[in-house]
Structures are given as structure tokens and as C-alpha cells.
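Taking it in order: structure first as C-alpha cells, then the write-up.
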Amino acid sequence: MAHLSASPDTRHATPDPQAGAAARESDEQACRQVLQILALIGDKWSILVIGQLRERTLRFGELHRAVIGISQRMLTRTLRQLERDGLLTRTAHPTVPPRVDYALTPLGTTLLDSVVALAEWADTHRHQINVNRRRYDTSRHEHKSESPRNV
């Protein structure tokens, strides 16, 4: 992204070295922030939690049962991060036993189309990907057995 300043004596824009350095720094900072966000929302647990919350508010135990394979510790960490980023709300009710509900925020719901599209893509292509993995693994195994051993 080049920043240009208009030269007063010409109609052409000339590069502004200071603006260029500031733009590069700003671009690098924006890139780092985007990568951090993608790391969060691209995490399989975050995607699964967001997907589970698409239709209704859920309690911790319901989420834990719905997100197969997630530990309580990982679910807690994932929920805290999603709450920190404003993608879900945590509502604690003063009851015995304590009850905590989780729901997507308006910002969190903006991810639903992308999450659902990604899940649909994975479902549509999972058989082909499995075939490709088996083919690759078989090919790699055959090449390993053919190569001479270093002794």
C-alpha cells in the first residue's frame, strides 16, 4: 500500500518516504493483528464452539458434551478467548448450583456464514482428501522402503 503526497508544482504524485515507512509499519501491525485473529478463529475448538452456539444459548456442560473431544480446560480457555474478543457473552446466574450461559454476540454471529461454509466445504471434500492422504502416505512409505539406509 503506497502512500503518495501531491507535489504542489506538478499534477503527479510523488512518493513520500516518511509516509511510506509509516504505511509499512502500519501494514505490518495490521498484518500481525489479522494473523492473531485468524489464529483464534481458525482454531478448531473456536470454530466448533461458534458452530454450536449458532442456534441458541448453551450452558458450559452442554457445550462440553456437544464439542466432542474437547477437554474442560481447553473449553474454558476457548470460551475465555472468544469472550475477550467480543465474539460471545458469558452470563453467570446467581443460582445453586451456579449456572453460566454462553451466547454469540452480534460480532460473533458475523462469523457464522464463514464457519458454516468452511464446515460444508470440509464435509463435501472429506472423501477426496482422505483418498489423497492415503495416496500420499502410501507413496511416502514406498519411497522410504526403496531408499538405501544410512548405516
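The values are calculated or read from the model by the stated rules, or taken from the named source; none is laboratory data. Bear in mind that the values here come from a model prediction, so they are computed numbers and not experimental data. Because the Cβ atoms are built from the backbone with ideal geometry, glycine has one as well, and the counts that use them run over all protein chains shown. Remember, those area values only see protein heavy atoms, side chains included, never the ligands or the DNA or RNA. Shrake-Rupley method; radii C 1.70, N 1.55, O 1.52, S 1.80 Å.
Okay, here's what the table says:
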| read-out | value |
| --- | --- |
| Of all residues making up region 111-136, the number that are open to solvent by less than 90 Å² (accessible area, probe 1.4 Å), free of Cβ contacts under 8 Å to residues at least 24 places away in the same chain and among the β-branched types (Val, Ile, Thr) | 2 |
| Every residue from region 41-73 that is in contact (Cβ under 8 Å) with a residue 12 or more places away in the chain, closer than 23 Å to residue 123 by Cβ and assigned to a helix (DSSP H, G or I) | 41, 45, 46, 47, 48, 49, 50, 51, 52, 63, 66 |
| Residue satisfying all of: in region 77-107; of a type in the set (Lys, Arg) and within 18 Å of residue 43 (Cα to Cα); least open to solvent (accessible area, probe 1.4 Å) among these | 77 |
| Region 40-55, subset modelled with pLDDT of 85 or more and of a type in the set (Gly, Ala, Ser), residue nearest to residue 86 (Cα to Cα) | 46 |
| Every residue from region 41-68 that is exposed (fewer than 15 other Cβ atoms within 10 Å of the Cβ) and within 18 Å of the chain's Cα centre (by Cα) | 42, 44, 54 |
| Test for residue 139: is it out of contact with any Leu (no Cβ under 7 Å at 6 or more places or on another chain), at pLDDT 90 or above, among the small types (Gly, Ala, Ser) and exposed (fewer than 13 other Cβ atoms within 10 Å of the Cβ) | yes |
| Single residue of region 93-140 satisfying the filter (under 26 Å from residue 37 (Cα atoms) and outside any helix (DSSP H, G or I)) that is nearest to the chain's Cα centre (by Cα) | 111 |
